1. Looking at this structure, is residue 98 more than 17 Å from the chain's Cα centre (by Cα) and under 19 Å from residue 131 (Cα atoms)?
2. Quick check: anything in the stretch 70-77 touching a residue at least 60 places away in the same chain (Cβ under 8 Å), surrounded by 14 or more Cβ atoms within 10 Å (Cβ to Cβ) and within 11 Å of residue 26 (Cα to Cα)?
3. Report, by residue number, each residue of the stretch 33-49 that is open to solvent by less than 50 Å² (accessible area, probe 1.4 Å) and either assigned to a helix (DSSP H, G or I) or at pLDDT 95 or above (or both).
4. Anything in the stretch 50-69 that is open to solvent by less than 60 Å² (accessible area, probe 1.4 Å) and not in a loop (DSSP other than H, G, I, E, B)? List them, or say none.
5. Within the stretch 42-56, can you find the residues that are without any contact (Cβ under 8 Å) to a residue 60 or more places away in the chain and among the β-branched types (Val, Ile, Thr)?
6. Testing residue 92 on (1) of a type in the set (Val, Ile, Thr); (2) surrounded by 19 or more Cβ atoms within 10 Å (Cβ to Cβ); (3) closer than 25 Å to residue 21 by Cα, one condition comes back false. Which one is that?
7. Counting only residues that are assigned to a loop (DSSP other than H, G, I, E, B) and in contact (Cβ under 8 Å) with a residue 40 or more places away in the chain, which one in the stretch 81-96 is nearest to residue 149 (Cα to Cα)?
Amino acid sequence: KDDGNSYVQLTFTPKLAAGTEPGFEVLFLVDCSGSMGGDSIEQARQTLQLCLRALTSRDTFDIAAFGSRHRFLWGSAQPFDAAAMQRADAFIRHMNADMGGTEIMTPLQELLLRPADPERPRRIVLLTDGQVSNERAIIDLCQANRDMGRVFSFGIGAGASEYLVRGVARASGGLCEMVFPGE
C-alpha cells in the first residue's frame, strides 16, 4: 500500500484424513395432517426420499410424522445404512395426510430436547405446508433452542406458509426451500 505498511493475508485449510469428517444427526419432521392431502403428501414423500439419499454412512437419522399426534420411526437417531434405509422407505410409503390438525410444537420440542449426540451436529428437517395458528411461538421455540439444532425447512405446496417456513430456518440458522406443485 501507499501508506508504507506491508500486509500479508494467509489462509489455513486443515487437512483431514479421508473419512474423518463428522457426520450429522438428521431428524426429519414430516407434516401428515389433513391439510397435506392430495399432491402435498406425495411431494413431501418425494422430498424426504431425496433428503435421505443425501445422507452418508457417517450420519444418523430418525423420522417423525405429525398431525394432531405424532409417531417416530425409531424414537432416537439410528446409523444410516442399507437396513435403516429399507425401514425408512417402508415408513415413508405408509405416510398419509390422515393425522388430524397441524400441531408442530410438541414433536418439534421433543426433537430439540433430545439428548445431543456429542459426535454429530443436529439438523432438523421440517417438511410442512405450515397451516398453523401459532407460527410466532414455533419460530420463537427455534430461536430459543438454536444451540440444540438448526432447522432446515421445506414449504410443501402452493399454499405453504412462507412466514413459518422461512421464519424457523432464519431463527435457527438453517435454510429453507419452497416446493411448489409439480416440482
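The values are calculated or read from the model by the stated rules, or taken from the named source; none is laboratory data. Quick caveat, the model's predicted, so the values are computed rather than measured. So basically every Cβ, Gly included, is an ideal-geometry build from the backbone, and we count neighbours across all protein chains shown. Areas reflect the complete protein model, heavy atoms only, side chains present, ligands, DNA and RNA absent. Shrake-Rupley method; radii C 1.70, N 1.55, O 1.52, S 1.80 Å.
1. Taking the combined requirement at face value, the residue satisfies it.
2. Here is the first cut: in the stretch 70-77, the ones touching a residue at least 60 places away in the same chain (Cβ under 8 Å) are none.
Checked against the condition, which is being touching a residue at least 60 places away in the same chain (Cβ under 8 Å), surrounded by 14 or more Cβ atoms within 10 Å (Cβ to Cβ) and within 11 Å of residue 26 (Cα to Cα), the stretch 70-77 yields no hits at all.
3. Within the stretch 33-49, 33, 34, 36, 40, 41, 43, 44, 45, 47, 48, 49 qualify.
4. 51, 52, 60, 61, 62, 63, 64, 65, 66
5. The answer is 56, and nothing else.
6. The one condition residue 92 does not meet is (3).
7. So in the stretch 81-96, the residues assigned to a loop (DSSP other than H, G, I, E, B) come out as 81, 94-96.
This time we only want the ones that are in contact (Cβ under 8 Å) with a residue 40 or more places away in the chain, so: 95-96.
On the way: 95: 25, 96: 27 Å.
Checked the stretch 81-96; the qualifying residue nearest to residue 149 (Cα to Cα) is 95.
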